Structure formats: structure tokens, C-alpha cells
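Some notes on the structure that comes next.
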Amino acid sequence: MQREKIKTYLGLANKAGYLIIGSDKLDKYNKKLYLVLIDSSAGKTSKKLVAKFENNEIFCKEVEDLQSLVDIDNCKIVGVKNHGLSEEIKKYLIEGE
């Protein structure tokens, strides 16, 4: 149930333009981010980027099979730049632990 809710909110964020997909785009993004999700199979570069965001006190979470949540092939890392959507997603991420 939680995965379906997260998938719904990530889909809304993507359609509204609040989702940043990929480590290159996230690395170049210099405005406020509220949430970063990384696939558990992501590489070193993506994990270093997550460490950078965690140092800036951005909520980061590792998830299984991220590409199925965002419906984009080979997606390893995404960022959410909308506060409301990120709070809703966080609720379901924390609830699922």
C-alpha cells in the first residue's frame, strides 16, 4: 500500500515539474530540495551525491526498485523540489519502516 501511495505522489511531482531525475541534474540543481530518493543498486557517484545532500540536511532515503516507483527505466536517483509533496512521500517512507 505504501509503495502505491509513494508512486502516486512521485507521479504527481513528475507531471507538475517538481521531480529532478538523475545524478547529473541533481548535482547541477542549486535551489531548495526537500527529498532525495536513491535506488539501493545505485553506484558510487550517486551515493556520494546523497552524502552531499545529507550534509545539507536534506531528507534522503534508499528505496528498492526506484525505477518502478517513477516509471522511468534505469532511474537510480530522484529529488523532489516541492515541500508539500515531499512531506506526503516522507510520511509513507517512514510508515513503511
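Please treat every number below as a calculation from the coordinates, not as lab data. Given the structure is predicted, the values throughout are model-derived calculations rather than measurements.
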- Note on the structure: For the chain (alpha-carbon point model, no solvent) the Debye-based log₁₀ I(q)/I(0) at q = 0.13, 0.23, 0.24 Å⁻¹ works out to -0.37, -1.30, -1.44
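At 222 nm, what helix-only mean residue ellipticity would the chain give, in deg cm²/dmol to the nearest 500, using -39500 (n - 2.57) for each DSSP H run of four or more? Could you put the intermediate results ahead of the total?
Details: 5 runs with 51 residues, N = 97.
Estimated from H runs of four or more residues: -15500 deg cm²/dmol.
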- Message: With a 10 Å cut-off between alpha carbons and a GNM built on the chain, which of ASP65, ASP73, ASP27 moves the most?
- Response: ASP73
- For ASP39, enumerate residues with amide H under 5 Å from its amide H, sequence gap 5+ or separate chain, H modeled in the peptide plane. VAL63, ILE77
